[in-house]
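Working notes, structure below.
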Amino acid sequence: MGILAQIKKLDYNIFKYKYICFLIDIIFNIKLSHTGDRKEKYMQQRTIKQAVEVVGIGLHKGEPIKLRLEPLDVDAGIVFYREDLAMSIPLSPASVIDTRMATVIGDKNKGFISTIEHFLSAVYAYGIDNMRVIVNGNEMPIMDGSSISFCLLLDEAGIKKLDAPKKILRVKQVVEVQDGEKFVRLSPSKKASFDFDIKFDHPVIGEQSQSFIFSTHDFIEEIARARTFGFAKDIQYLQSQNLALGASLQNAIGLDDHKVLNPEGLRFDNEFARHKILDAMGDMMVSGHNILGSYESFAGSHNLNYQLTSKLLADSRNYELVEVETLESRAFAKSFA
Ligand SMILES: [Zn+2]
């Protein structure tokens, strides 16, 4: 065979090879797009697939509150909306107006929304970046006093990935707020972790700890069902002041001086410490983004958490708002279901 003929044969073989590769590529891509498994180039921003609604009792007024969640587009953020007042409240530490009993956002004169932290804990866990949160009253429904109903609501809505990279707040240096022996602290870390210690002079609570390395799955298993708690004598006083009118053993762990009052008992031995982590995750989400860092606290509160996110964001040396893909480690991206 002459050189010319050999080259022609080689050309033909290369052509055949390229043609087969082309066909394989097409078949493979069709299969991937059918199964929805096409590999993401980057971790995308998230909203919900469809609007969902739920009605529940408000803790303070004891009246029914309708909660509706609607999808929002890229970079819209989490936006609360008082339907009865036609008032938008963006999620940010700057919107926080009270932290004594719960985390409250809004404007003292125009209107507010109370007890956002249990809902926001689920928002953190599902990695939702953009969503409208509509209520027709001044508080979120308390549901069963934990986050699990909000997780189920987000499951019903479904997660929609948007065509833009997800941004998170990466903690760059230690930020801490102290009040006597109480403290809350954020430190740089490749994973989002939460460590909480509490100490109550009460036979059921006493000293409790919980450590939690975040993943959506583990949040649902270990944290989301932990309920808020209250002491019967405090509830009686609050109700005499026309507060906590909706509080009952259906939406909180109730305690007298000696024991748990709920007939079903506790969901976890250290349900109190777990609920403190649930609160902390919700309060960190008030920053408007998932925070990547290690959170630690002894006897922290909504007020200390609020001071912590405010202090974090007050100095640009403390944090950076980064796309998840620019992180060295994939651990954080992988922790979201
Ligand atoms: Zn709580």
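No lab work stands behind these numbers, since they all come straight from the coordinates. These numbers were taken from a predicted model, which means no experiment stands behind them. Note: ideal-geometry Cβ built from the backbone for every residue, glycine included; neighbour counts use all protein chains shown.
For segment 44-334, the square roots a ≥ b ≥ c of the C-alpha gyration tensor eigenvalues yield an a/c of 1.5 or more together with a/b not exceeding b/c, which makes the shape oblate.
Averaging the sequence gap over all C-alpha pairs within less than 8 Å and six or more residues apart, then dividing by the number of residues, gives segment 263-337 a relative contact order of 23 percent. As a proxy for reagent exposure, ranking PHE214, PHE200 by other Cβ atoms within 10 Å from fewest up yields PHE200, PHE214.
Run lengths n ≥ 4 of DSSP H only: what is the helix-derived mean residue ellipticity at 222 nm for the chain, with -39500 (n - 2.57) per run over all residues, to the nearest 500? Let's see the in-between values first.
Working: 7 runs with 94 residues, N = 337.
So the helix-based figure for the chain works out to -9000 deg cm²/dmol.
What separates the Cα centres of segment 271-332 and segment 122-145 is a distance of 18 Å. With a cut-off of 12 Å between beta carbons, the residues surrounding PHE150 carry a summed charge of -3, where Lys and Arg count +1 and Asp and Glu -1.
Under 5 Å from the amide H of LEU72 lie the amide H atoms of ILE48, MET131, ARG132, each residue being 5 or more positions distant or on a separate chain, with H modelled from the backbone and absent for Pro and chain starts. The residues neighbouring GLY206, those whose beta-carbon lies less than 12 Å from its own, together hold a net charge of -3 under the Lys/Arg +1, Asp/Glu -1 convention.
Of MET281, MET143, MET101, the residue with the greatest mean-square motion in the GNM of the chain, using alpha carbon springs below 10 Å, is MET101. Pairs with C-alpha atoms separated by more than 22 Å, drawn from the list LYS61/LYS110; LYS172/LYS311; LYS161/LYS311; LYS182/LYS276, are LYS161/LYS311.
With a sphere of radius 11 Å drawn around the Cβ of VAL55, what net charge do the other residues whose Cβ falls strictly inside it have (Lys, Arg +1; Asp, Glu -1)? Surrounding charge for VAL55 is 0. Name the shape class, rounded, prolate or oblate, that the alpha-carbon gyration tensor gives for segment 117-158, where a ≥ b ≥ c are the square roots of its eigenvalues, rounded holds for a/c under 1.5, and otherwise prolate holds if a/b is larger than b/c and oblate otherwise. Since a/c reaches 1.5 but b/c is at least a/b, the shape of segment 117-158 is classed as oblate. Taking the C-alpha atoms only, the angle from helix 3-35 to the longest principal axis of the chain is near 20 degrees. The value of relative contact order for the chain, using C-alpha pairs under 8 Å at least six residues apart, is 23 percent.
Nearest 0.05, what FRET efficiency do GLU323 and GLN236 give at R0 = 45 Å with Cβ-Cβ as r?
On the way: r = 51 Å, r/R0 = 1.12.
It comes to 0.35.
Of the trypsin sites (Lys or Arg not before Pro) in segment 298-337, the ones in a loop by DSSP (not H, G, I, E or B) with at most 13 other beta carbons within 10 Å are ARG317, ARG330. Can you list the aspartates and glutamates whose alpha carbon is less than 16 Å from that of LYS191, not counting same-chain residues fewer than 8 positions off? Correct list for LYS191: ASP218, GLU296, GLU320, GLU323, GLU325, GLU328.
Where is the GNM fluctuation largest for the chain (alpha-carbon springs, 10 angstrom cutoff): GLU271, GLU139, GLU156? Of GLU271, GLU139, GLU156, the Gaussian network model singles out GLU156 as fluctuating most.
Taking the DSSP beta bridges in the chain as the whole, what percent of them are antiparallel, to the nearest 5? Spell out each step's value before the answer.
Values: 49 of 65 bridges.
For the chain, the DSSP antiparallel bridge percentage is about 75.
The angle separating the long axis of helix 117-126 from the principal Cα axis of greatest extent in the chain is about 10 degrees.
This ranking places VAL286, VAL54, VAL174, VAL96 by how few other beta-carbon atoms lie within 10 Å of each, fewest first, which gives VAL174, VAL54, VAL96, VAL286.
GNM on the chain, alpha-carbon springs under 10 angstrom: the most fluctuating residue among ILE148, ILE128, ILE235 is ILE235.
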